[in-house]
Amino acid sequence: MVVIERDINGTKLSIESGKVAKQASGSVVVRSGDSMVLVTACCGDERDGDFLPLTIDYVEKTYAAGKIPGGYLKREGRLGEKETLTSRLIDRPCRPLFPKGFNHEIQVTATVLSADPEIDTDVMALCGASAALTLSELPFEGPVAGVRVGRVDGKLIINPKESEREKSDMDFIVAGTRDAIVMVEGGAQEVPEAEVLEALFYAHKEMQPIIDMQLELQEKLGKPKMEFAPKERDEELAARIRNFAEPKINEAIRIPAKLERRDALKAVKEAVKEEFVKEDDPAAEEVAALVSSVIEETHSELVRSMVFKEKIRIDRRDNKTVRPIDIEVGVLPRSHGSALFTRGETQAIVTATLGTEIEAQRVDALLGEYKKLFMLHYNFPPFSVGEVRPLRGPGRREIGHGALAERAVSAVVPDLKDFPYVIRVVSEITESNGSSSMATVCGASLSLMDAGVPIKAPVAGIAMGLMKEGDDFVVLTDILGDEDHLGDMDFKVCGTREGITALQMDIKIKGLAREIMDQALAQAREARMHILDKMADAISEPRKELSVHAPRIYTMKINSDKIRDVIGPGGKTIRSITESCGVKIDITDDGTVTIAGNDQKSIDSAISVIDSLTAEPEVGKIYRGVVKRIADFGAFVEILPGTDGLLHISQISEDRIRRVTDVLSEGDEVMVKVLEVDRFGKIKLSKKEAEADMASQ
């Protein structure tokens, strides 16, 4: 067993191998504080196709936090949203570091064994995945390390603890190799581009000790790497295929419309196969694979040549132009807020729905349950790209895109105390040709403003691309689907006019220089300002009034001692109020009462009832009371629900009274004035003073 340790931001980080899961190709246990993650990598057989069959799963075990799973089965089931997002987070920096053409099945599993509330396990799992792959026989071109960077009071912090993250104005996970950054994911509170860039490269510098740890571990325990070389091919045949296909592909890629271009490229492929693939040829299958490979290579080279040599893109734009934008708001008559956002051939219908705190999403997270008050869900149906597929639940991609858009917009959503609504935004992608998640961000801001949500500022998003040949590079603004597929980078940037609220960067090359990232952020800002101007033309600020279909919510405060009076025995009182007034009522332990109804009249009715149940007696005020009990010395009168006062015999009338029953009976209604409320809460009443005051008015 070997253990490598380093100090990261005052906390010991250790990577251990050789003790647990020794039959895996590579395995490590990563520990920081009381958090521990077991990460394994296994290599399987070769698979057909040119896609790397890499599966990465991050799994949180409830025993890690000393919990038993909820539900009937009492065991962990399918991956939750946090697990899915973290699995994607690990996959993205690792996948580009395998050689092209490698097609052995690979499975990486990160299992959380122990969870420290102060130390998140996501970056630990990322580092562990790289370490396990580095130790294995797999031809992984790492190692890669990942750190979280935050900023508290202007000071950058690496791997901030949970208590520090709550005060941080940025939260980015950065992954990189020895030489360059390869992945970024996170959000910020409208932080300027220059400050974000500084944080990212500070993170890259500070992750170097973690790379050293992995190399030291590899030196001591690493397995010999398997030999891998791309399959040899018939280069003479490949050249003939290219010569035949190139003019046809060159013509097809200049068709601006996506579907027409796709059909034209498909026709080219069929024509090339017809020319070179003969059914009676024993090598027909190999030739067909070569045709597909050469066409893909030629397609990529020609598109890149257009960008570098002709300075134009597939749809005839230059590298900085945003596609035409069309915006409509209020497109759905019954939703609380809606927008139709179209940018080129990418389109989204985005809705905002307002609800009460009762409708918040309750999340049973590993370290405890919490309520989600703002939700953004992204749906990508097959018709958006003209395809036929069965409709399933959201996949990893949809969950990831929704989380990115949610992070971008949540930075400007008001707190519950300022706007007492739970908010759900749904993005339905109706057309897609690249950047649908960024259309979601723009549409979300528009629909929230249409719904009357007082957001701090509108947020827009733009996807940046990159084509790099040697030392030459071109940064592309607002990339198409083909540019995403054929290019070297997908860099999504979201923010307001003031600064960045979310970033997500993935690359297909070995890393990015600072110059490229600086230019990408500068172009993204220019594009974002353009989009925000277009959005302002459609709706410049949140509507002053909520939709007539949105619930009305009123928040009031009552004495916590009075909560039981509003709820009543077994909830009888609160049920009566909700049924008779047609409202929903939520009461928290501190006495905050939230009333939601479809109209103001219903809410006012409920307020009146709750006021009467919780009102405190005021000295000098006259009340209509009911005699509840008679004694020799006076009568006990209920002036408020559950609140009695003593009407002494001497305070009943100006005339002398021998017996209380000569004047009052139980159940009588009387007007009484509160004379005093003593320190024990006992109330003294007067009927004669109430009558005198009313007579003088």
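Here are the numbers:
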{"item": "Exclusive hit being in contact with a Phe, Trp or Tyr (Cβ under 9 Å, 6 or more places away or on another chain) and closer than 26 Å to G101 by Cβ, set L302, L290", "result": "L290"}
{"item": "Subset of segment 191-225 that is part of a loop (DSSP other than H, G, I, E, B) and in contact with a strand residue (DSSP E or B) (Cβ under 8 Å, 6 or more places away or on another chain) - its residue that is surrounded by the fewest Cβ atoms within 10 Å (Cβ to Cβ)", "result": "K223"}
{"item": "Residue tally, condition surrounded by fewer than 24 Cβ atoms within 10 Å (Cβ to Cβ), hydrophobic (A, V, I, L, M, F, W, C) and under 16 Å from the mean Cα position of the chain (by Cα), over segment 421-473", "result": "2"}
{"item": "Breaking point among (1) under 30 Å from E666 (Cα atoms); (2) in a helix (DSSP H, G or I); (3) modelled with pLDDT of 90 or more, for L613", "result": "(3)"}
{"item": "For L332: the one exception among (1) at pLDDT 95 or above; (2) surrounded by fewer than 17 Cβ atoms within 10 Å (Cβ to Cβ); (3) among the aliphatic types (A, V, I, L, M); (4) in contact with a Phe, Trp or Tyr (Cβ under 9 Å, 6 or more places away or on another chain)", "result": "(4)"}
{"item": "Hits in segment 523-551 (condition: surrounded by fewer than 16 Cβ atoms within 10 Å (Cβ to Cβ) and among the hydrophobic types (A, V, I, L, M, F, W, C))", "result": "M529, A536, V548"}
{"item": "Filter result for the condition that a residue is in the same structural domain as V409 (by TED's automatic domain parsing), over 24 Å from A348 (Cα atoms) and in contact with a Ser or Thr (Cβ under 8 Å, 6 or more places away or on another chain), over G481, G511", "result": "G511"}
{"item": "Top-ranked residue of segment 243-259 - restricted to ones that are hydrophobic (A, V, I, L, M, F, W, C), touching a residue at least 40 places away in the same chain (Cβ under 8 Å) and in a helix (DSSP H, G or I), ranked as surrounded by the fewest Cβ atoms within 10 Å (Cβ to Cβ)", "result": "L259"}
{"item": "Residue among D668, D599 that alone is exposed (fewer than 15 other Cβ atoms within 10 Å of the Cβ) and under 22 Å from V566 (Cβ atoms)", "result": "D599"}
{"item": "Number of the condition not met by F491 [criteria: (1) closer than 30 Å to K100 by Cα; (2) surrounded by fewer than 23 Cβ atoms within 10 Å (Cβ to Cβ)]", "result": "(2)"}
{"item": "Single condition L476 does not satisfy, out of (1) assigned to a strand (DSSP E or B); (2) more than 19 Å from A439 (Cα to Cα)", "result": "(2)"}
{"item": "Residue within segment 260-271 that is within 20 Å of L480 (Cβ to Cβ), of a type in the set (V, I, T) and touching a residue at least 60 places away in the same chain (Cβ under 8 Å) present", "result": "no"}
{"item": "Of all residues in segment 361-384 being crowded, with 17+ Cβ neighbours inside 10 Å and touching a residue at least 60 places away in the same chain (Cβ under 8 Å), the one that is nearest to the chain's Cα centre (by Cα)", "result": "L376"}
{"item": "Hits in segment 523-546 (condition: within 19 Å of M449 (Cβ to Cβ), among the charged types (D, E, K, R) and part of a helix (DSSP H, G or I))", "result": "R528, D533, K534, D537"}
{"item": "Of residues in segment 6-30 being free of Cβ contacts under 8 Å to residues at least 60 places away in the same chain and in a strand (DSSP E or B), the one nearest to T111 (Cα to Cα)", "result": "E16"}
{"item": "Only one of L79, L85, L52 that is hydrophobic (A, V, I, L, M, F, W, C), touching a Phe, Trp or Tyr at 6+ places or on another chain (Cβ under 7 Å) and not in a strand (DSSP E or B)", "result": "L52"}
{"item": "Search result, residues across segment 32-52 that are within 16 Å of V20 (Cα to Cα) and of a type outside the set (G, A, S)", "result": "M36, V37, L38, V39, T40, C42"}
{"item": "Residue match in segment 536-553 (condition: within 18 Å of E357 (Cβ to Cβ), of a type in the set (V, I, T) and more than 26 Å from the chain's Cα centre (by Cα))", "result": "no"}
{"item": "Segment 547-596, residues that are free of Cβ contacts under 8 Å to residues at least 12 places away in the same chain, over 26 Å from G681 (Cα atoms) and part of a loop (DSSP other than H, G, I, E, B)", "result": "V548"}
{"item": "Complete set of residues in segment 304-324 that are among the aliphatic types (A, V, I, L, M), out of contact with any strand residue (DSSP E or B) (no Cβ under 8 Å at 6 or more places or on another chain) and buried (at least 17 other Cβ atoms within 10 Å of the Cβ)", "result": "M306, I314"}
{"item": "Yes/no for Q347 being surrounded by fewer than 18 Cβ atoms within 10 Å (Cβ to Cβ) and either closer than 17 Å to G402 by Cα or in contact with an Asp or Glu (Cβ under 7 Å, 6 or more places away or on another chain) (or both)", "result": "no"}
{"item": "Qualifying residue in segment 199-206 (condition: among the small types (G, A, S) and at pLDDT 95 or above)", "result": "yes"}
{"item": "Selected residue [in a strand (DSSP E or B), at pLDDT 90 or above and aromatic (F, W, Y)] from Y63, Y58", "result": "Y58"}
{"item": "Pairs with Cβ under 6 Å, 6+ apart, first in segment 73-101 and under 20 Å from Q504 (Cβ atoms), second assigned to a loop (DSSP other than H, G, I, E, B) and of a type in the set (A, V, I, L, M, F, W, C)", "result": "P93/V144; L97/F140"}
{"item": "Residue within segment 607-616 that is free of Cβ contacts under 8 Å to residues at least 60 places away in the same chain, surrounded by fewer than 18 Cβ atoms within 10 Å (Cβ to Cβ) and more than 53 Å from the chain's Cα centre (by Cα) present", "result": "no"}
{"item": "Residues within segment 63-94 that are surrounded by fewer than 20 Cβ atoms within 10 Å (Cβ to Cβ) and touching a Leu at 6+ places or on another chain (Cβ under 6 Å), tallied", "result": "1"}
{"item": "Pairs, first outside the structural domain of S293 (by TED's automatic domain parsing) in segment 226-242, second surrounded by 10 or more Cβ atoms within 10 Å (Cβ to Cβ) and among the small types (G, A, S), C-beta under 6 Å, six or more apart", "result": "P230/G101"}
{"item": "Any hit, segment 419-428, residues being of a type in the set (D, E), modelled with pLDDT of 95 or more and on the phi < 0 side of the Ramachandran plot", "result": "yes"}
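The values are calculated or read from the model by the stated rules, or taken from the named source; none is laboratory data. In this text the structure is predicted, and so the values were computed from the model without any measurement. Note that each Cβ is placed from the backbone with ideal geometry, even for glycine, and that neighbours are counted across all protein chains shown.
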